[in-house]
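What follows is one structure encoded as structure tokens, with my remarks underneath.
The numbers here are math on the coordinates, done by the rules we state, and not lab data. Remember, predicted model here, so these are calculated numbers, not experimental data. FYI the Cβ positions are ideal-geometry reconstructions off the backbone, even for glycines, and counts take in every protein chain you see.
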Amino acid sequence: MRVLMAFLFAATASMAEEAPYAGLDVRDIAALSEADIAALEAGEGWGLALPAELNGWPGPRHVLDMGDEIGLSTEQAAAIQAIFDGMNASARGTGAELVAAEAALDAAFETGEIDKVRLAELLASAEAARTRLRHIHLAAHLETAPLLSRHQKMLYDSARGYDGSGAHSGHQGQGHE
């Protein structure tokens, strides 16, 4: 029985390695999961601002979520809320553009109405939307960090689980001291 179980496990593992995209063929958009689509349409970060986040430039959503923990003043909270609101509105629209561009790329392959020229056009559209979206999120981090004191940034980093050994010592713009 153990030999049969080991054989079945090995066969299943081998089949999974041979078909890594199994099940993805039922997605509405091949390159995006339902969760990806929902996040993009909601204006969520989708990991696009990690260079800022992980190098000491906090983002507005997380700062607002941690307001009490890091001691945001009423004035700071209002200013960061305004940054978030502007970022989120722009990101929702641009995220929807990215989803539409990926859907168009997917549809072109599905229908066979694609050649190298059309492929280049579709990719340029999708990547332009992704670039704009990434700029929106990273720019919000640039606006947020200077509104925080060094102490607030340290509390933020600690609460987010950043150990302080990264490259973000002193590169956060001019914060309130």
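Can you list residues from other chains, or at least 5 along the same chain, whose modelled amide H is less than 5 Å from the amide H of S149?
H176
Which order do the peptides 44-57, 18-31 come out in when sorted by mean C-beta neighbours inside 10 angstrom, highest first?
On the way: 44-57: 18.6, 18-31: 10.6.
Listed from highest to lowest mean packing, they are 44-57, 18-31.
Roughly how many whole Å is it from the C-alpha centroid of the stretch 55-84 to that of the stretch 89-137?
Cα centroid to Cα centroid, the span is 31 Å.
Each label point is 7 Å from the Cα along the Cα-to-Cβ direction; what then is the distance between the points at L64 and A108, in nm?
3.6 nm
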